[in-house]
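The values are calculated or read from the model by the stated rules, or taken from the named source; none is laboratory data. If you're wondering where the values come from, they're calculated on a predicted model, not measured in any experiment. Methodologically, a virtual Cβ is constructed for each residue, glycine included, from the backbone with ideal geometry; neighbour enumeration extends over all protein chains shown. Accessible surface areas use protein heavy atoms only, side chains included; no ligands, DNA or RNA. Shrake-Rupley method; radii C 1.70, N 1.55, O 1.52, S 1.80 Å.
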Amino acid sequence: MPIYFTEHEIVVPGQLLSDNGKRSGEGTYAYAGKIYAARIGFASIRGNKVVVTPFKTAYKPAPGDWVVGIVSDVKPNGFEIDLGRHLKGVIRMPDREEVMSMGLNVGDVVYVRIKESGLSGVAIDKRSRIRRIESGILIQIHPAKVPRLIGRRGSMINMIKRITGCDIIVGKNGLIVINGPSPEAEFAAVKAIKMIEEEAHTSGLTERIEKLLRGLIGEG
Amino acid sequence: MSRPERLIDNNGRRVDGRRPDELRPIKMEIGVLDKSDGSAYVEFGGTKVIAAVFGPREAHPRHLALPDRAILNCRYHMTSFSVEERKPLGMTRREIELSKVIREALETVTFLEEFPRAAIDVYVEVIQADGGTRTAGLTAASLALADAGMPMADLIAAVAVGKVDGQLVLDLCDLEDKYGEADMPVAMAPRFNSIIMLQLNGRMSVEEFKKGLALAQKGISEIYHLQREALKKKFSELAPKEA
């Protein structure tokens, strides 16, 4: 398959990437049998697909994603969850009794899984546990930076958790809840996460984050 | 300014010293505003335009939201100080029309179906007007959309061609626009060579129209090149090479 980009080249919308239209992946589109970039980002080959990893992008809900949301409305037949930006998820309940038994109220922060996202809106999976988050610091980062925050097989987020001793819940939509043993630990985690968001595309970030955290927390 | 005696002198130079097929000096900057999701500043000689993109965000009023795609709102506006005589505040008939024209051009390249029920707002603000504000605005708006990470089929590059003193010229300035015989703004998605917007004010023969279009295409390919360079420059600064 002829390819018209070098690995991790920055591509812009409309740039020709490949002649094999069947291998069009995320961030690209196929037109007349060819693949073009649809977004500004890094082009690469993942599996047998040509993909563009965007620098910025709005969160697009996909089935199976775990997200953090805020209950924005309680209705007789369910809940409405604000997932940040324009997105609203719904939890549909069979009747009022069930709604009441959930014990959720407007303003509560929940950690939920997306069941489906389509023309009828974003539905939330009821079978996976709907977890109400009791306390913590709620912050928001750009959804495109979430994979970097998690790191390869969770390396980055696990390191932050280990050093700060915080429990961190990361929603794919960019909402994050941090729960720590002390305010200092929580603030250190927030600082690290903000730094990852700013410098997501630089190399050697893991080491710098580790250094930052060790400096803030001490060797404890 | 009053009408100059001639718009093209004996040496074939235009009022600002350009050759007939020469663009004005172009400057493009991406991500100039912090509070918008994407923004761009574009300068075509004396024409200075800022474009900002917000979204996808909730569509207001709610009943306008579409179940299968996002709606695109666009506001083209000239600041009061952009022209010689103060432009009163508010949207004039002309600005409302240009907002629609720019919106429809942007809709053709943006994959709006990616964001059902949402709205994408594009603001084009003319800081200084010296002819060709709709084309500069469209050029800036497409850069701002790309900067916002919006999925798009292509960037849009636009430029005007016109007829002054009986001769076809590229990228009209205000004087040429006012006192020339014709003004034809053209916007294209250069990748597919498709014309996205074309307007014509004045008179041209079929032959002139064809030549003018070819001239516009030449200008557009130059602008397209600059757009891509500007975008790549901005994001390569953001992402230093792997050490």
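What to note about this one:
- Using C-alpha pairs under 8 Å with a sequence gap of at least 6, the mean separation divided by the residue count of chain A gives a relative contact order of 14 percent.
- With contacts taken as Cα pairs under 8 Å and at least 6 residues apart, chain B reaches a relative contact order of 21 percent.
- The relative contact order of the stretch A:87-156 comes to 29 percent, based on Cα pairs under 8 Å that sit 6 or more residues apart.
- Measuring r between the beta carbons of A:Met100 and A:Met195 and using R0 = 41 Å, the FRET efficiency lands at 0.45.
- Accessible surface of A:His8 - all protein chains present, 1.4 Å probe, nearest 10 Å²: 110
- The Rg/Rh ratio of the protein assembly as shown, with Rg taken over Cα atoms and Rh as the Kirkwood radius over Cα pairs, comes to 1.04.
- From phi via Karplus (6.51, -1.76, 1.60), per-residue ³J(HN,Hα) for the stretch A:107-122 in Hz, x at Gly/Pro: x, 5, 9, 10, 10, 9, 10, 7, 8, 8, 9, x, 5, 8, x, 9
- Comparing mean-square fluctuations of A:Pro61, A:Pro147, A:Pro94 from a GNM of chain A with C-alpha springs under 10 Å, the top value falls on A:Pro94.
- Most tightly packed first, judged by the mean number of other beta-carbon atoms within 10 Å of their residues, the peptides A:16-26, B:173-183 read B:173-183, A:16-26.
- Helix B:93-109 and the long axis of chain B differ in direction by around 60°, with both axes built from C-alpha atoms.
- Shape of the stretch B:60-194, Cα gyration tensor, a/c cut at 1.5: oblate
- Where both bridge residues fall in the stretch B:41-146, DSSP classifies roughly 60% of the beta bridges as antiparallel.
- List B:Met91, A:Met100, B:Met197, ordered by accessible area with a 1.4 Å probe, largest first: A:Met100, B:Met91, B:Met197
- For the stretch A:97-220, the fraction of alpha-carbon pairs in successive 10 Å shells from zero, as %: 12, 39, 30, 15, 4, 0
- Dimensionless Rg ratio for chain A, taking C-alpha atoms and the 2.2 N^0.38 Å reference: 1.17
- Using Cβ point charges alone (K and R +1, D and E -1), the dipole size of the protein assembly as shown about the Cα centre works out to roughly 1020 debye.
- Distance between the stretch A:41-60 and the stretch B:153-223 - C-alpha centres, whole angstrom: 35
- The heavy atoms of A:Lys56 present about 50 square angstrom of accessible area, all protein chains included, probe 1.4 Å.
- Peptide A:56-62 is shielded by partner chain Cβ atoms: per residue, an average of 5 of them sit within 10 Å of its Cβ.
- Working note: 222 nm ellipticity from helices only, DSSP H runs with n ≥ 4, each -39,500 (n - 2.57), summed and divided by the residues of chain B, gives -10000 deg cm²/dmol to the nearest 500.
- Average other protein chain Cβ within 10 Å of Cβ, residues B:108-118: 3
- Lys, Arg +1 and Asp, Glu -1 on Cβ, resulting dipole of chain B about Cα centre, debye, nearest 20: 100
- Bridge orientation summary for the protein assembly as shown: considering DSSP beta bridges with both residues in this region, about 90 percent are antiparallel.
- A:Cys166 - accessible surface, heavy atoms, 1.4 Å probe, Å² rounded to 10: 10
- Heavy-atom accessible area with a 1.4 Å probe sorts A:Asp125, A:Asp167, largest first, into A:Asp167, A:Asp125.
- Under-5 Å amide H pairs with A:Gly180, H placed in peptide plane, nonlocal only: A:Asp167
- Taking amide H positions as modeled 1.01 Å from N, with prolines and chain starts lacking one, the residues under 5 Å from B:Asn73 and 5 or more places away or on another chain are B:Ile120, B:Asp121, B:Val122.
- The stretch A:147-220 versus the stretch A:85-111: alpha-carbon centroid distance in Å: 30
- Top of A:Ile45, A:Ile196, A:Ile130 by mean-square fluctuation, Gaussian network on chain A, Cα under 10 Å: A:Ile45
- Taking the helices alone, chain A has a mean residue ellipticity at 222 nm of -7000 deg cm²/dmol, built from -39,500 (n - 2.57) per DSSP H run of at least 4 residues and averaged over all its residues.
- Stretchable slack from B:Gln128 to B:Phe192, in nm (0.36 nm times residue separation minus alpha-carbon distance): 19.9 nm
- Peptide A:31-40 has a mean of 5 when you count, residue by residue, the C-beta atoms of other protein chains within 10 Å of its C-beta.
- Highest mean packing comes first when the peptides B:46-59, B:26-39 are listed by Cβ atoms within 10 Å, giving B:46-59, B:26-39.
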